Amino acid sequence: MADRCIVCNRSVPGGAGEFCCPGCAAVYTIVGKMGLEGSERDERIQSLLEGVFPGGGGEAGEVADAPEIENGQDLCFLVGGMVCPACSWLVHHSLGKLAGVGNVNLNFIAETCTLSYDPMKIGKDDIHANIEKLGYQFYEGADADRAGYDYFRFGAGWFFALNNMMISFVVYSAESWEVPFAMQLVCSVLLAVFGTLVPLYAARNTMLAGFRQIVMRQYRMESLVFLSATAAWIYSVFSMVTGDFAHLYFDVVALLLMLIETGNLISGSFYKKLSRRVSSLSWQLPKKARVEADDYAAVEDLQPGQEFLVLRDEIVPTDGVLMGAAEFDFSLITGESHGVSLEQGHYVGAGAKLLSANARLSVPAAGSSNLIQKIVDSTIEAFNTRKEQLSMGDKISQVFVPIVVAVGVLVLFGNLLWGDRGEAIIRLLSVLIVACPCAFGIAEPMVLTAAIERVRGLGIQIFNGAVLALKPSVVVFDKTGTLTRGAPEVRSIVWLVDEKKDYLNLLASLENGIEHPIARALAAVGAPRPITDRTVARTVVSAKVDGKHYLAGSAELFPDVGIPPGLENSTIVMFGDAEQCYLVVGLQDAVRDESKQLVADLKAEGVEPCIFSGDRNAVVRQVACELGMTDFRGEMGSGDKQREIAALQARGKTVMMVGDGINDAQALAAADFGLAVFSGQIPAKMSADAVFMVPEIGKLRDLPFMQRKVRHKIRLNYGWAFLYNAVGMFLAGVGWLSPKYCAVGMVFSNLVVIFNSMYGMSLPNKK
């Protein structure tokens, strides 16, 4: 017992204990965890104490809960550098004592902090400084990009444009009323000033982009905007100098550019909203894993095979292999809340919420991974996926600008030679302004981006958006882990030599750490031990142990050994050395509950399902008959699958491949649409265009519906773009559209494409 606190030397209430308050106990625990010594330890204690007792005064008992802040602003951020739950307690109470801060909630595992603050009493910078003063880091995370758009410049641009439009009435009214020349001149100068500030300041990014596109001969919407705005500005300067005030188009320049900026803001807000919504997935993931009951490790520091604990109602922080049966909710990934029961050995992705009692998982042999983070990284990237494969809109945009310029020149010379010479320049400007290559450019990717977000509701994350525009005619399934549960059970072991427990241990050692379902089942037949120099080639695993070479693989490994009676319909694995087979293992893997209905639904959609499997023909035939499939092939390696898919494509078939294993990686890459299942191995996922984020595959039945809708909307967008540009350029060329209306029409064309792409993309209401 001590009268004074061993940390701050304040009096201990009642003289009981070593600390005067929980704050000092937290400081002592934190410094102890850091292992600091000497002056470094004293300095760290002092900085932490300053956070608990600002100014060095006051007792801990004076610390009150953070008050409720009415009509305050919400702030959400990350706190880095916390080493134990005592850190979160310290930061929480330090923030709670700041004047104007309330509703503080800090989660140590997720490293997220939410609070409300009164901007009249305290600023965000003060909160930032308070956290860094304690020795922690302040990160605003994904929401930091909200300030990325320069709204001041946008507002100033519209101020210039609207003033230009009002002033232009004075100049144009000179044709009907008597307006003093001095007033016309002053107004013309103001028009020129505002009409110059918009392209040089408010819309300078658009103008610079257009100039670069012309220099690089990569023509897009901005290059056409640059040409039309520059031409209108030069013509207006010439008219002002010559005193032709009736033909000033500075207001058109300002209006055109600001309408373009408004359209960019609207479409950009969609992408920001999508980005924030997708990024919020990783924001909600814990940044630490519970290694033991009260011991934590950063997710990125977890090692292959290391176990971690998840408690009821907690979120799984990183992908792992389940060590025992448990029930999970995948609503963070799919948006639909329902429990899914998984057995031991199942792959559980980051973001799943544990519904049952505590569960223990192990990091996969390939190391820590995070499919949620892959969603975040790929969703927006999918908008521009496979740059080398230009869409039809990209190809049209490349030639559209030269065609528009050519049409404008024809209109110009046609009017100069045979028409109204005074209207020649005006009609040229109208043609340049009304044309809209952007409608072609966004016709396809806008639909694909919206569809990617909707398809995630099926539990499927798309990495290559272009596959959603395909119309698959054949779906090729792998068997094990795809149509079956992926949790095979050892039903029988037939010994061909004298039974030895050490042989089972050797077999388990060979298979241990391999992610394939059969390997996981075999790893449980004995007590695995570490081995080196292991080789995995197709369906054979081999390694040298104590100077002897051991092998495990399919029935082809020992062709002279027949299939033992009773194992004809089982998956066969043989184990032995280079000279003889020691034993034959028979495994059986039950068909997924949803597989039969999925096959029936695909047939109803006109899609032909088939099985390509590396398993024995007899086993594949049994599964195919159970599912009602007539096209199946067994005993196929990765090269065989790839060749058969190429043969299907040569016959004009569009092939979707659904698989999970190493021997599926080549086939997934070769298929028009590669889809890896939830429990698939890393090579399969990296080769795929999409991946299941949930264990069930039944909702694959709704994917053809979404693909059909995507193709329909893309056709509508291209049809509208062709119709608008053809009609718009004709009306502008004959003089029926003034440059002002052309500017409005150009932006309207883009908005129609955006609306059509977003509206009506819901999934079918199937259960």
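The values are calculated or read from the model by the stated rules, or taken from the named source; none is laboratory data. If you're wondering where the values come from, they're calculated on a predicted model, not measured in any experiment. Neighbour counts run over all protein chains shown; Cβ positions are idealised from the backbone, glycine included.
For the reader, a short list of remarks on this structure follows.
- Tally, over segment 607-633, of residues that are touching a residue at least 24 places away in the same chain (Cβ under 8 Å) and not β-branched (Val, Ile, Thr): 14
- Any chance Phe440 is buried (at least 19 other Cβ atoms within 10 Å of the Cβ), at pLDDT 90 or above, within 26 Å of the chain's Cα centre (by Cα) and not small (Gly, Ala, Ser): no
- Cβ pairs under 6 Å, 6+ apart, first in segment 282-295 and under 18 Å from Asp313 (Cβ atoms) and modelled with pLDDT of 80 or more, second of a type in the set (Gly, Ala, Ser) and assigned to a strand (DSSP E or B): Lys288/Ala298; Ala289/Ala297
- Counted residues, segment 532-561 - those being touching a helix residue (DSSP H, G or I) at 6+ places or on another chain (Cβ under 9 Å) and part of a loop (DSSP other than H, G, I, E, B): 4
- Condition check for Asp577: of a type in the set (D, E, K, R), modelled with pLDDT of 90 or more, farther than 30 Å from Thr630 by Cα and out of contact with any helix residue (DSSP H, G or I) (no Cβ under 7 Å at 6 or more places or on another chain): yes
- Restricting segment 443-463 to residues that are closer than 22 Å to Gly351 by Cα and not aliphatic (A, V, I, L, M) leaves a set whose member that is modelled with the lowest pLDDT is Phe463.
- Restricting segment 723-748 to residues that are surrounded by fewer than 23 Cβ atoms within 10 Å (Cβ to Cβ) and within 32 Å of the chain's Cα centre (by Cα), the residue that is modelled with the highest pLDDT is Phe748.
- Met636 vs. criteria touching a residue at least 24 places away in the same chain (Cβ under 8 Å), in contact with a Phe, Trp or Tyr (Cβ under 7 Å, 6 or more places away or on another chain), under 19 Å from Thr571 (Cα atoms) and not assigned by TED's automatic domain parsing to the domain that holds Thr535: yes
- Qualifying residue in segment 471-480 (condition: touching an Asp or Glu at 6+ places or on another chain (Cβ under 7 Å), outside any helix (DSSP H, G or I) and either among the charged types (D, E, K, R) or farther than 30 Å from Ile714 by Cα (or both)): yes
- Residue within segment 188-195 that is free of Cβ contacts under 8 Å to residues at least 24 places away in the same chain and more than 18 Å from Val253 (Cβ to Cβ) present: no
- Out of Ala142, Ala99, Ala192, sole residue that is under 30 Å from Ile260 (Cα atoms), modelled with pLDDT of 80 or more and either of a type in the set (A, V, I, L, M) or touching a strand residue (DSSP E or B) at 6+ places or on another chain (Cβ under 7 Å) (or both): Ala192
- Per-region count, segment 535-555, residues in contact (Cβ under 8 Å) with a residue 24 or more places away in the chain and touching a Lys or Arg at 6+ places or on another chain (Cβ under 9 Å): 7
- Residue check for Ser116: assigned to a strand (DSSP E or B), modelled with pLDDT under 90 and not assigned by TED's automatic domain parsing to the domain that holds Leu309: yes
- Residue ID - modelled with the lowest pLDDT, chosen from residues in segment 494-531 that are assigned to a loop (DSSP other than H, G, I, E, B) and basic (Lys, Arg): Arg529
- The listed residues are Phe154, Phe169, Phe159, and the only one of them that is surrounded by fewer than 19 Cβ atoms within 10 Å (Cβ to Cβ) and in contact (Cβ under 8 Å) with a residue 60 or more places away in the chain turns out to be Phe154.
- Count - residues of segment 552-574 that are small (Gly, Ala, Ser) and either closer than 13 Å to Val540 by Cβ or assigned by TED's automatic domain parsing to the domain that holds Met636 (or both): 4
- Count of residues meeting criterion [surrounded by fewer than 21 Cβ atoms within 10 Å (Cβ to Cβ), acidic (Asp, Glu) and under 20 Å from Thr484 (Cβ atoms)] in segment 546-602: 4
- If you go through segment 694-752 and keep only what is of a type outside the set (A, V, I, L, M, F, W, C) and not in a helix (DSSP H, G or I), you end up with Pro695, Glu696, Gly735, Ser738.
- Residue in segment 536-546 that is under 29 Å from Cys625 (Cβ atoms) and either acidic (Asp, Glu) or in the same structural domain as Asp329 (by TED's automatic domain parsing) (or both) present: no
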